[in-house]
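Here's the structure we're looking at; comments come further down.
Bear in mind that the values in this text are calculations on the coordinates, not laboratory data. Remember, predicted model here, so these are calculated numbers, not experimental data. We place every Cβ from the backbone using ideal geometry, glycine too, and count neighbours over all the protein chains shown.
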Amino acid sequence: MLLAYRLALASPRVTARGVEASEFAVEAGRHGVQAVPAIVVDDRYAWAGAVPETAFVERVLAARA
Amino acid sequence: MTLGDREQDAIRSVLAGLEREVALTLELGPTATPVTLLAAGGREIDSNAVAREIVESVCALSERVSLSVTERDVPGPWPRTTIAPGLEYLGMPAGYELTTLVHGIVEAGRAAPSVSELTRERLQELQHDVKVDVYVTPT
């Protein structure tokens with residue numbers, strides 16, 4: 001979660017949002033979330049699990065492309 | 001859900017390192033479905049009230065952190081805590097996610113974002129806005 005927040009602080013183009021999956025189970029289900037942490041970029045499931053900063057930013061950029 | 005003395009001391013210590021002021025907003029409103037908290041024996045709880053109690057308690061632990069609470073009367077993704085522009089948390093920041101809230105405040109309170117130069121350069125290549133949602137759980 002913190003990496004997403006750091007990216008949002010580093011770029012005005014990034015909005016980062018933590019979503020409590022059990023409270024927002026409908027949204028989690030709609031995005032195919034089955035494990036946490038799960039990352040959804042622009043409303044599309046991207047990946048699950050923690051990754052280092054370099055991989056995180058590359059995956060976000062790739063998901064956005 | 002009230003913070004214990006040890007938690008308060010730990011959070012107060014972490015927030016003492018803030019390099020600038022952080023202004024949070026907490027939006028509350030009608031929720032689509034009741035929230036059942038397993039840790040509370042499976043009973044339904046008022047997520048707005050719990051979120052408010054937690055966020056108010058954390059913000060009260062530093063003079064550099066302020067909080068504005070707004071009550072909405074329309075359906076939405078509530079409760080929503082905005083830590084800084086572009087940094088949000090939907091739901092109750094309880095359990096492990098209390099750490100997310102506190103460290104989100106710490107990140108927002110830094111003089112400069114704590115990312116590598118490479119990350120900064122890569123982000124400058126973004127031509128469009130991007131929304132990153134991280135689904136988490138408190139346990």
Within-12-Å neighbourhood charge of B:TRP78 [Cβ basis; K, R +1; D, E -1]: -4
Cβ-based charge dipole, region B:5-123, positive-most Cα from B:SER47, B:LEU61, B:GLY17: B:GLY17
Relative contact order, percent, chain B [alpha-carbon distance under 8 Å, six or more residues apart]: 30 percent
Chain B shape via C-alpha gyration tensor axes, a/c threshold 1.5: oblate
Estimated inter-spin distance, B:TYR96 and B:GLN127, nm [label 7 Å along Cα→Cβ]: 3.8 nm
Separation of alpha-carbon centers, region B:54-102 and region A:21-54, rounded to whole Å: 20 Å
Charge dipole (debye, nearest 20) of chain B; +1 at Cβ of Lys and Arg, -1 at Cβ of Asp and Glu: 100 debye
For the protein assembly as shown, size of Cβ-based charge dipole, Lys and Arg +1, Asp and Glu -1, in debye: 400 debye
The protein assembly as shown - share of DSSP beta bridges that are antiparallel (%, nearest 5): 50 percent
Near-label residues of region A:18-34 by backbone N, under 19 Å of a point 7 Å along Cα→Cβ of B:GLU44: A:22-27
Segment A:ALA35-A:GLU58, length gained on full extension (0.36 nm per residue, minus Cα span): 6.2 nm
Local electrostatic count, B:LEU18, Cβ distance below 14 Å [Lys/Arg +1, Asp/Glu -1]: 0
Whether the protein assembly as shown is rounded, prolate or oblate, judged on the alpha carbon gyration tensor where a/c under 1.5 counts as rounded: oblate
Over chain A - Rg/Rh using Cα atoms and the Kirkwood inverse-distance radius: 0.94
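First select every other residue whose beta carbon is under 12 angstrom from the beta carbon of B:GLU107; then total the charges, Lys and Arg +1, Asp and Glu -1.
Cβ neighbours under 12 Å give a net charge of +2.
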Antiparallel content of DSSP bridges confined to chain B, in %, to 5: 60 percent
